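The values are calculated or read from the model by the stated rules, or taken from the named source; none is laboratory data. The structure presented is a predicted model; accordingly, all values stated were derived computationally and were not measured. In this analysis, Cβ positions are derived from the backbone assuming ideal geometry, glycine residues included, and neighbour counts consider all displayed protein chains. What goes into the accessible areas is simple: the full protein's heavy atoms, side chains included, and nothing from ligands, DNA or RNA. Shrake-Rupley method; radii C 1.70, N 1.55, O 1.52, S 1.80 Å.
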Amino acid sequence: MKSIWLAMMAAVFGLGVTMAPVNTAWAQADDDDDAAMSSSQADDDDDDDDDDDDDMGSAAMVPPASELTIPPGSEMMPAAALNGDQLGLPKNTLSSQIVTPLILGEGGQPFAVSDNDFYLRAGQAYRWDIKSEGDVEYKFRATDFFRNVWMNQIVIEDLEIHMAGMPAWLEYDAHGTITVQFQTIRPGRYEWHVEGLDEDQEMRGTITVVP
């Protein structure tokens, strides 16, 4: 009996020894799976962040009108008759392009503007900074332009306003920047202006969308 008991005990302890590495392997495999899932989730989160923001460092810059090749008398021509390649505009891209900022009230002159006229391509996404540096209140209107683009969002100090339509106007009660993000749809020539100024204080210009 004693020899049988000892044989049984040896078998039990032997089973425990052989099973321990297997249990450890299962635990290690579970840890590896959890780590892989966490890594995958982190990658997915990073991808989501990338989808929200374009790589602005590599975005194409739209030159101001003064650096484009504008044909004489083109202001009398339909916008659809102009050609973005001939003007010198960047080719259409999948990511947003950066429009030359419009600065209201430059250099201590409250009714000066950095640029009056802007040229864009139809079917392109853009980001446009409109800045106030003057010490007066500005009410920026571009009604027809905003009606004829797909408005993505308006950003004020990293706070996003997502649009289901056009803004009535952009109002500046102090210095600051409002970024409008939109996609142009069809060619056309649209006017912008700052409302409520006398004739000798006019702040206005055009936004021309070409093929």
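Remarks
- Given (1) at pLDDT below 95; (2) open to solvent by 90 Å² or more (accessible area, probe 1.4 Å), index of the condition Asp43 fails: (2)
- Lone qualifier among Gln183, Gln153, Gln201 - being out of contact with any Lys or Arg (no Cβ under 6 Å at 6 or more places or on another chain) and modelled with pLDDT under 95: Gln201
- Residues that are open to solvent by less than 70 Å² (accessible area, probe 1.4 Å) and either modelled with pLDDT of 95 or more or hydroxyl-bearing (Ser, Thr, Tyr) (or both), drawn from segment 186-198: Pro187, Gly188, Tyr190, Trp192, His193, Val194
- Count of segment 147-188 residues which are in a strand (DSSP E or B) and either farther than 20 Å from Ala65 by Cβ or among the small types (Gly, Ala, Ser) (or both): 21
- Test: residue in segment 151-173 that is touching a residue at least 40 places away in the same chain (Cβ under 8 Å) and open to solvent by 70 Å² or more (accessible area, probe 1.4 Å): no
- Taken over segment 94-106, the criterion of being open to solvent by 40 Å² or more (accessible area, probe 1.4 Å) and either of a type in the set (A, V, I, L, M, F, W, C) or under 13 Å from the mean Cα position of the chain (by Cα) (or both) is satisfied by Leu94, Ser95.
- One residue stands out among those in segment 199-211 that are assigned to a strand (DSSP E or B) and either open to solvent by 50 Å² or more (accessible area, probe 1.4 Å) or of a type in the set (A, V, I, L, M, F, W, C) (or both): the one that is nearest to Pro64 (Cα to Cα), which is Ile207.
- Members of segment 166-188 found to be under 18 Å from the mean Cα position of the chain (by Cα) and farther than 30 Å from Ala81 by Cβ, listed by number: Thr177, Ile178, Thr179
- With respect to being over 23 Å from the mean Cα position of the chain (by Cα) and part of a strand (DSSP E or B), Glu191 fits the description.
- Of the residues making up segment 77-121, those that are closer than 13 Å to Thr184 by Cα, touching a residue at least 60 places away in the same chain (Cβ under 8 Å) and in a loop (DSSP other than H, G, I, E, B) number 1.
- Of all residues in segment 131-150, those satisfying the criterion of being touching a strand residue (DSSP E or B) at 6+ places or on another chain (Cβ under 8 Å) and either open to solvent by 50 Å² or more (accessible area, probe 1.4 Å) or of a type in the set (Lys, Arg) (or both) are Lys131, Glu133, Glu137, Lys139, Arg141, Asp144, Trp150.
- Residue match in segment 116-130 (condition: in contact with a strand residue (DSSP E or B) (Cβ under 9 Å, 6 or more places away or on another chain), among the hydrophobic types (A, V, I, L, M, F, W, C) and either modelled with pLDDT under 95 or surrounded by fewer than 16 Cβ atoms within 10 Å (Cβ to Cβ) (or both)): no
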